[in-house]
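Visitor: Okay, here's the structure, questions in a sec.
The values are calculated or read from the model by the stated rules, or taken from the named source; none is laboratory data. Just so we're clear, the structure is a prediction, and the values are computed from it rather than from any experiment. Don't worry about glycine lacking a Cβ; one is built from the backbone with ideal geometry, like all the others, and counts go over all protein chains shown.
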Amino acid sequence: MSLDTVKHAAETPDAAQPWKELGLKEDEYARIREILGRRPTGAELAMYSVMWSEHCSYKSSKVHLKQFGEKVPENDAMLVGIGENAGVVDVGQGYAVTFKVESHNHPSYIEPYQGAATGIGGIVRDILAMGARPVAVVDPLRFGAADHPDTKRVLPGVVAGIGGYGNCLGLPNIGGEVVFDACYQGNPLVNAGCIGVMKHEDIHLAQASGPGNKVILYGARTGGDGIGGVSVLASETFESTGPAKRPAVQVGDPFQEKLLIECTLEIFKENLVAGIQDLGGAGLSCATSELASAGSGGMRVELDTVPLRDSSLSPEEILMSESQERMCAIVEPQHVDRFLEICEKWDVIATVIGEVTDGSQLEIFWHGEQIVDVPPRSVAHDGPVYHRPFARPSWQDALQADDAGKLARPADAAELREQVLKLVASPNQASKSWITDQYDRFVQGNTVLAMPEDAGMVRIDAESNLGVALATDGNGRYAKLDPYTGAQLALAESYRNVAASGAKPLAISDCLNFGSPEDPDVMWQFAEATRGLADGCLELGTPVTGGNVSLYNQTGETAIHPTPVVAVLGVIDDVNRRTPVAFAQEGQLLYLLGDTAEEFGGSAWSEVVHNHLGGLPPKVDLAREKLLAEILISASRDGMIDAAHDLSDGGLIQAVTESCLRGGNGARLVVPDGLDAFTFLFSESAGRAVVAVPRSEELRFTDMCGARGLPVARIGVVDGEEIEIQGEFSIPLSELRTAHEATIPALLA
Amino acid sequence: MTTRIGVVTFPGTLDDQDALRAVRIAGAEPVSLWHRDKDLHQVDAVVLAGGFSYGDYLRAGAISRFSPVMETLIEQARAGMPVLGICNGFQILTEAHLLPGAMLRNNHLHFICRDQKLRVENAETAWTSDYSAGQEISVPLKNMDGRYTADERTLDELEAEGRVAFRYLDGNPNGSLRDIAGITNAAGNIVGLMPHPEHAVEPLIGTGRTDGLGFFTSIIKKLVNA
C-alpha cells in the first residue's frame, strides 16, 4: 500500500477509512474531518483514535471529574495539580512529593504477568517525568473468588509480574491491598501506585516550548507490542467470544527501565531538559501531541528516525505502539550533546527525532513526506466530551432494604468463637504474606513501615528523618450499597490508616474502577462516587492531586462493584515517631477510640458467615475522622501510644488479631458497657481505631481524648498467649495464626 | 587515614546506595565505583552489592563478571584485597570463579523477601571477625535465584575447610544445599552470601535490627589493624 500522505488525503476525500475498527464513533470521525477540513491520513486517524479513546481522553468521566478541581479545599501544600503526569505536594524542608495511582486492569486479565509488570513500569515513568526519584510502589489488587480456577491463573501471574518488574527496578513495595470477590472474576483490578521525591526546584512539566529546541526520544526501541494496547483495550467491554487480544498487551523490560530512571535523574541533575513526558498509553501519539499542545509552538517530527525493534512497522503502528521504557524530552540545542553523552553512559539509546517550531501544527514526516498535519490541541486536549445519561438503578432500593441487621447472629459464645476463626481465615481477611513476600520491601534502605502495617512509610531524608506515608483503600461492597458513602468510606479509611501510622494526611490520588459508562446504572454509580469523594476531600482538607479512571470493567452485562480506590499521602517530621500495628509490649493497655454501632451492611462478617450483601454501609462522619486522626498523630508524636490499628473490614476482632500476631502477644478483652460481644467484635463502624497505651501514659492519653471530645473505652490489656474475650471465649494465638496464615498458601501455592 | 571501601555500580545494581550508607554508618569512607572504570580508586576493600545487574539476563551475574572493573577486581582479590559479594554480588563472584558453586532458581520458583535467621559458622574471615562462631543473626533475604549449589566434592571441601560462612536457620528459604547461605575463599578475604547485611544497619529501617553492621565493622577493624 502506498503512503497515505496529507496531500494524498486531500486529494482522495472519499477513501474508505477503518475508523470503526479503531474504536471511533461515527460522529467522532466526522468531527476529525471537520477539524482538519479534509479526511485524516492513516497516521492522523491512528493518533486521534488512540488519543480520543476512553482511556486517554476521559470522555465519559470528564464532566464528573471536574468537581475535583472545583471543590478544592484550602491547602497550601499543592504545588502542581491535576492535569500533569502526576500532582505534586509540598512536604516541608524543601522537599516535594509526587504520587499517583493508575489501573492496568484489562491487560492484566489477558496477560497477567506482563499486564501487571507494565502497570508498574507506566506509573513509575509518570512519577519520573515530574522530575522525581521514585522511592516506593504500592499495589491495590482485586481478583475473582479466591477458590475460582481462573483466580489461580490470574493472581500468581499478576503477583509475579509486579514482583518481577518492581524488584528488578529497585523500588520497595510498601503497601496495597488484595481483595477477592466474584464480581471481579472476568475483570481483575490491577492498580499500581508510586511515590516520588524531589526538591521543589526540580519539578519538571510536560511541555514543548522554544522554537529550535530538539525533541529527543530515548529508552527502548519501538516495537510492535501493545499497538492500541491500553487505550483501545481499556475502552471497551470484554466479549466472551471476541478474538484473542493478547498481542495488544505490552511487554516490559525492567532492566531497561532501571537504566532509564538513573539516566533521567542524572539528566535532571544537570538541568538539561525544558520539558519531558513519558511514553505510556498511546505512545508517541500521546507524547508528541501533549508536549506540543502544552507548549507555545508547533512541533516537527521525522518519524523514520525512531529506532525500531521491527523494521517492518508502518508509520501508523509506530505512532500507536505502546512499547515500554521510552521517554520523550525537549532539549535546548546547546544541551543536546551532553544529554546524549549521559544516555550513552547508561547504555540508553537516544535519538533526536524532531524539533519545536514557531508554527502551530504538529507535523510528522516519513522519509520526507508529510503524513500528519494537525493542531496538537485537537488531538491531546480537545477530545470529545460525553454527558452520558445516568439514573439510580432500579434495584438499588431493594438492595438497601435487604438489611444485614436481620441476619442470624451467633447463638452462644461457642458459635461466636467459631465465627471469629472463620472470619480471620477467610480469604479477604487472611494474611497476605504469601503474596507480599514476593515483593522486595527493603531495597533503597529507607523503608520504615511496609505491609501488613496500616500504611507504608519511607524515610526521605536520612539527616532530618523526614518521612512520607501512603495507604490505599477501597471497598466495592460498601460502594455497591451506596456509591456516595462508599467512596467517602474509602477516603476515610485510607486517611485513618495514614494517621494511625503517625503521619499527617496531606492529599489524595484515586483510581476509579467502574463498569461500562454506556450503562446508566454504572454512570450513576460513577457520578455518586465522584461527588462523594469530592465532597469528602473538601471536608477533610485533602485535595485530589490526580488519578486515573478505568471504565468498561465488565463482562457482558455484568459490571464489577463500583470500586473507587483512594490513596492518601501523609507526612511525618520524624520517622522515629511512627506507630506500628504490633502489640509488642505485654502489660500495655488497649483502648478503643470512637463509637461502635450495630453496622453490618457490606461487612466482612455478613459476607463470610452469610454470603450476604445488602443494607446500608457504615455511616460516615468526617469531622470525627479528622478528630481521630489528630489524636492518633498527637499521641504518636508525644509518645503516648506504642501501637495503633485502624478498624475497618472485619471490625475490632480482625484488627486485634493482626496486632497480636504481629507482636507475638495475646490480649485479654472486656466487652465495654452498652455493647454486646457480637457487635463489639464484628461491627464495622467507621472512625475507630484500637491503640496500645503504656501504663505510664494512660492518664495523659485519656485526658487528651477527653479534652478534645473523642469517646474512648478501655477494652483490655496486652497479655498472655491467647486472645480472651472475658466471659465469652478464648483462642490460643497459635490457633489464630494457623487459621490466619494457612488460607492463601493453601489456595494458591 | 580513613578506610576507603568501594561499592561497584553495574547497570541494574539496586542496593549500591544502601551498601554505601552501611559503609558510612560503620565509620569508613564510601567510594562509588563504576563498572566501566578499571580503576579501583585506591580503595582498601570492595562490596559488590545486590540487584539485578544486566537484568539477570543470560544468568544472574554472568554479564557483569566481564565488566572492565572486574578485570582489576579479580586480580586484586586474588592478591588478597577483601571483597564482599551480597546477593547479586555473590552471584557475580561465583561467575568470576572467585568463589566456588553457583546459584539456581529458588526451589519454590518464587521471589522471596523476608527476615532470615542465620548462623555465623566462620567468624575468622575479613568480613565476620566482629561476630562469634555460632552466633545467630537476622538479616533480610530477598532473591529469585538464591539456591546455592555445588558438587559433592566441593561441598565436602567447603565444610572440611570451615569455608561455609553462614547457614540458614529456621527453615531453608530456597533449597540451598546443606543450608548454605554464604561462603568464603580459603584466605578469608572473599566472602559471598545471599542475605543482605546492608539492609540491617539501622534500628528503625527494614527489619528494625542492626545485625548486619558487623560485616562492615569487621572489615574496618581488620584494615585499620593491618
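Visitor: In this structure, is B:Asp179 touching a Phe, Trp or Tyr at 6+ places or on another chain (Cβ under 8 Å), more than 12 Å from every other protein chain (Cβ to nearest Cβ) and over 28 Å from B:Ile74 (Cβ atoms)?
Guide: Yes: the conditions hold for B:Asp179.
Visitor: Every residue in region A:451-466 that is in a loop (DSSP other than H, G, I, E, B) and within 9 Å of chain B (Cβ to nearest Cβ), please.
Guide: A:Ala462, A:Asn465 - these are the residues of region A:451-466 that are in a loop (DSSP other than H, G, I, E, B) and within 9 Å of chain B (Cβ to nearest Cβ).
Visitor: Kindly provide the set of residues from region A:551-599 that are crowded, with 22+ Cβ neighbours inside 10 Å, of a type in the set (A, V, I, L, M) and under 20 Å from A:Leu652 (Cβ atoms), ordered by number.
Guide: Answer for region A:551-599, where residues must be crowded, with 22+ Cβ neighbours inside 10 Å, of a type in the set (A, V, I, L, M) and under 20 Å from A:Leu652 (Cβ atoms): A:Val581, A:Leu590, A:Leu592, A:Leu593.
Visitor: Can I ask one more? Identify, please: which residue in region A:615-671 is polar (S, T, N, Q) and not in a helix (DSSP H, G or I) and is, among those, surrounded by the fewest Cβ atoms within 10 Å (Cβ to Cβ)?
Guide: Restricting to residues being polar (S, T, N, Q) and not in a helix (DSSP H, G or I), the top hit is A:Asn665.
For (1) under 13 Å from the mean Cα position of the chain (by Cα); (2) at pLDDT below 95; (3) closer than 19 Å to A:Leu512 by Cβ, each residue gets a yes or a no:
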position: A:Tyr95; (1), (2), (3): no, no, no
position: A:Asn105; (1), (2), (3): yes, yes, yes
position: A:Ile110; (1), (2), (3): no, yes, no
position: A:Gly122; (1), (2), (3): yes, yes, yes
position: A:Met130; (1), (2), (3): no, yes, no
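Visitor: Give me the pairs, please: first residue somewhere in region A:132-160 and closer than 18 Å to A:Thr743 by Cβ, second residue anywhere and among the polar types (S, T, N, Q) and assigned to a strand (DSSP E or B), beta-carbon distance under 8 Å, and either six or more positions apart or on two chains.
Guide: From residues that are closer than 18 Å to A:Thr743 by Cβ, the pairs are A:Leu141/A:Asn191; A:Arg142/A:Asn513; A:Arg142/A:Thr563.
Visitor: Could I ask something else about it? Quick check on A:Ala294: is it more than 12 Å from A:Ile216 (Cβ to Cβ), of a type outside the set (D, E, K, R) and in contact (Cβ under 8 Å) with a residue 60 or more places away in the chain?
Guide: Working: more than 12 Å from A:Ile216 (Cβ to Cβ): yes; of a type outside the set (D, E, K, R): yes; in contact (Cβ under 8 Å) with a residue 60 or more places away in the chain: yes.
Judged against the criteria, A:Ala294 is a match.
Visitor: Sticking with this one: Taking B:Ile92 and the conditions (1) in a helix (DSSP H, G or I); (2) more than 12 Å from chain A (Cβ to nearest Cβ); (3) surrounded by fewer than 19 Cβ atoms within 10 Å (Cβ to Cβ), which numbered condition does it fall short on, given that it satisfies the others?
Guide: (3)
Visitor: Still on this model: Would you call A:Ile110 of a type in the set (A, V, I, L, M, F, W, C), away from chain B (no Cβ under 14 Å) and in contact (Cβ under 8 Å) with a residue 40 or more places away in the chain?
Guide: yes
Visitor: Mind counting the residues in region A:47-72 that are part of a loop (DSSP other than H, G, I, E, B) and surrounded by fewer than 16 Cβ atoms within 10 Å (Cβ to Cβ)?
Guide: Residues meeting the conditions: 0.
Visitor: Can you list residue pairs whose Cβ atoms sit under 6 Å apart, with the first residue in region A:598-624 being farther than 18 Å from A:Ile560 by Cα and the second being of a type in the set (Phe, Trp, Tyr)? Count only pairs 6 or more apart in sequence or on different chains.
Guide: A:Trp605/A:Phe682; A:Ser606/A:Phe600
Visitor: Would you mind stating whether A:Leu141 is within 14 Å of chain B (Cβ to nearest Cβ) and either under 20 Å from A:Asp510 (Cα atoms) or not in a helix (DSSP H, G or I) (or both)?
Guide: In short, no.
Visitor: Criterion first (under 28 Å from A:Ile330 (Cβ atoms), within 22 Å of the chain's Cα centre (by Cα), at pLDDT below 95 and away from every other protein chain (no Cβ under 14 Å)) does A:Ser231 satisfy it?
Guide: Judged against the criteria, A:Ser231 is a match.
Visitor: Follow-up question, since we're still on this one. The conditions are (1) within 30 Å of B:Gln17 (Cβ to Cβ); (2) in a helix (DSSP H, G or I), and A:Val443 fails exactly one of them. Which is it?
Guide: Unmet for A:Val443, out of (1) within 30 Å of B:Gln17 (Cβ to Cβ); (2) in a helix (DSSP H, G or I): (2).
Visitor: Of the numbered conditions (1) assigned to a helix (DSSP H, G or I); (2) farther than 16 Å from A:Ala282 by Cβ, A:Ile32 satisfies every one except a single condition; which is it?
Guide: It is condition (2) that A:Ile32 fails.
Visitor: Of all residues in region B:24-51 being over 11 Å from B:Thr9 (Cα atoms) and within 14 Å of chain A (Cβ to nearest Cβ), which is surrounded by the fewest Cβ atoms within 10 Å (Cβ to Cβ)?
Guide: Ranking the candidates gives B:Arg24 first.
Visitor: Which one of these does A:Ile174 not meet: (1) assigned to a helix (DSSP H, G or I); (2) within 14 Å of chain B (Cβ to nearest Cβ)?
Guide: Exception for A:Ile174: condition (1).
Visitor: For region A:285-385, please list each of the strands (runs of 3 or more DSSP E) lying entirely inside it that holds at least 1 residues being surrounded by 19 or more Cβ atoms within 10 Å (Cβ to Cβ) and under 29 Å from the mean Cα position of the chain (by Cα).
Guide: Fully inside region A:285-385 and qualifying: A:326-331.
Visitor: Inside region A:574-608, can you point out the residues that are out of contact with any Gly (no Cβ under 6 Å at 6 or more places or on another chain) and either in a strand (DSSP E or B) or within 14 Å of chain B (Cβ to nearest Cβ) (or both)?
Guide: A:Asp574, A:Asn576, A:Pro580, A:Val581, A:Leu589, A:Tyr591, A:Leu592, A:Leu593
Visitor: Output the residues belonging to region A:184-216 that are surrounded by 24 or more Cβ atoms within 10 Å (Cβ to Cβ) and part of a helix (DSSP H, G or I).
Guide: Passing the criteria: only A:Tyr184.
Visitor: Would you confirm whether or not region B:199-218 contains a residue that is farther than 22 Å from B:Ile112 by Cα, away from chain A (no Cβ under 14 Å) and of a type in the set (A, V, I, L, M)?
Guide: Checking region B:199-218: not a single residue is farther than 22 Å from B:Ile112 by Cα, away from chain A (no Cβ under 14 Å) and of a type in the set (A, V, I, L, M).
Visitor: Only one of these is of a type in the set (Gly, Ala, Ser), away from every other protein chain (no Cβ under 14 Å), in contact (Cβ under 8 Å) with a residue 40 or more places away in the chain and farther than 28 Å from A:Ala145 by Cα: A:Gly706, A:Gly716. Name it.
Guide: A:Gly716
Visitor: What is the number of the single condition among (1) small (Gly, Ala, Ser); (2) within 14 Å of another protein chain (Cβ to nearest Cβ); (3) not in a loop (DSSP other than H, G, I, E, B) that B:Gly192 does not meet?
Guide: Going through the list (1) small (Gly, Ala, Ser); (2) within 14 Å of another protein chain (Cβ to nearest Cβ); (3) not in a loop (DSSP other than H, G, I, E, B), B:Gly192 breaks only (2).
Visitor: Now, a different point. Pull up region B:115-136, narrow it to residues that are crowded, with 22+ Cβ neighbours inside 10 Å and hydroxyl-bearing (Ser, Thr, Tyr), then point me to the one that is farthest from the other protein chains (Cβ to nearest Cβ).
Guide: B:Thr125
Visitor: Return the pair list, or none, for Cβ contacts closer than 6 Å from residues in region A:328-351 that are among the polar types (S, T, N, Q) to residues that are at pLDDT 95 or above, at least 6 apart or on different chains.
Guide: A:Thr351/A:Leu217; A:Thr351/A:Thr305; A:Thr351/A:Pro307
Visitor: Looking at A:Ala469, A:Ala430, A:Ala411 in this structure, which one is under 30 Å from B:Asp18 (Cβ atoms) and either among the small types (Gly, Ala, Ser) or away from every other protein chain (no Cβ under 14 Å) (or both)?
Guide: Numbers: A:Ala430 fails: under 30 Å from B:Asp18 (Cβ atoms); A:Ala411 fails: under 30 Å from B:Asp18 (Cβ atoms).
Being under 30 Å from B:Asp18 (Cβ atoms) and either among the small types (Gly, Ala, Ser) or away from every other protein chain (no Cβ under 14 Å) (or both) holds for just one of A:Ala469, A:Ala430, A:Ala411, which is A:Ala469.
Visitor: OK, next. For region B:103-114, does any single residue satisfy the condition of being surrounded by 22 or more Cβ atoms within 10 Å (Cβ to Cβ), more than 14 Å from chain A (Cβ to nearest Cβ) and hydrophobic (A, V, I, L, M, F, W, C)?
Guide: yes
Visitor: Residues of region A:95-154 being over 30 Å from A:Asp76 (Cβ atoms), surrounded by fewer than 24 Cβ atoms within 10 Å (Cβ to Cβ) and among the hydroxyl-bearing types (Ser, Thr, Tyr), which ones?
Guide: Across region A:95-154, the qualifying residues are A:Tyr113, A:Thr151.
Visitor: Checking B:Glu198 against (1) crowded, with 24+ Cβ neighbours inside 10 Å; (2) in contact with a helix residue (DSSP H, G or I) (Cβ under 8 Å, 6 or more places away or on another chain); (3) not in a helix (DSSP H, G or I), only one condition comes out false. Which one?
Guide: Failing condition for B:Glu198: (3).
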